[in-house]
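Trainee: Shown below is the structure under consideration.
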Amino acid sequence: MNWIDLISWSDVVGYAGTGFTIMAYLMRRMLQLRVAAVLSSVALLVYAVLTSSGPIMVMELILLPINSYRLIELLRPPGNLAVPPRRHAMVTSRVQKTPH
């Protein structure tokens, strides 16, 4: 009997999620951290479903949207950020016009 016979697919997915979690903690750059965190959440969510683990499922269902949103924020071009109309009005009212 070899070690492959001793491990189930759900365990492989769980260990992958654990590995991605550890990778996220080791990251210094935010983009790589968010990618690792999203991969971790996906893998651990699959693991939670396969093993019927409610607490892990709840945690990953909360963390996955948070990390996905933050990852999308990082991937957006800087000039594409929407400025709320009210803040925009305050910013433009502070700009002084120079005489021509």
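Trainee: Please report V12, V38 as a ranked list, fewest other C-beta atoms within 10 angstrom at the top and most at the bottom.
Mentor: Listing V12, V38 from fewest to most nearby Cβ atoms yields V12, V38.
Trainee: What are the ³J(HN,Hα) couplings of the range 17-31, residue after residue, when phi is run through the Karplus curve with 6.51, -1.76, 1.60 and θ = phi - 60°? Round to Hz, x for glycine and proline.
Mentor: Those phi angles translate into x, 5, x, 5, 5, 4, 4, 4, 5, 8, 6, 9, 9, 5, 4 Hz.
Trainee: At a 10 Å Cβ-Cβ cut-off, how would you order R29, R70, fewest neighbours first?
Mentor: R29, R70
Trainee: If you don't mind, there's one more thing I want to ask. So if each residue of separation counts as 0.36 nm, and I subtract the Cα-Cα distance between I22 and I7, what length gain in nm does that give?
Mentor: Values: separation 15, 0.36 × 15 = 5.40 nm, distance 2.06 nm.
Contour length minus Cα-Cα distance gives 3.3 nm.
Here, each number is a calculation from the coordinates, and none is a lab measurement. Quick caveat: nothing in here was measured; it's all calculated off a predicted structure. No Cβ is skipped: glycine too gets one built from the backbone with ideal geometry, and neighbour counts run over all protein chains shown.
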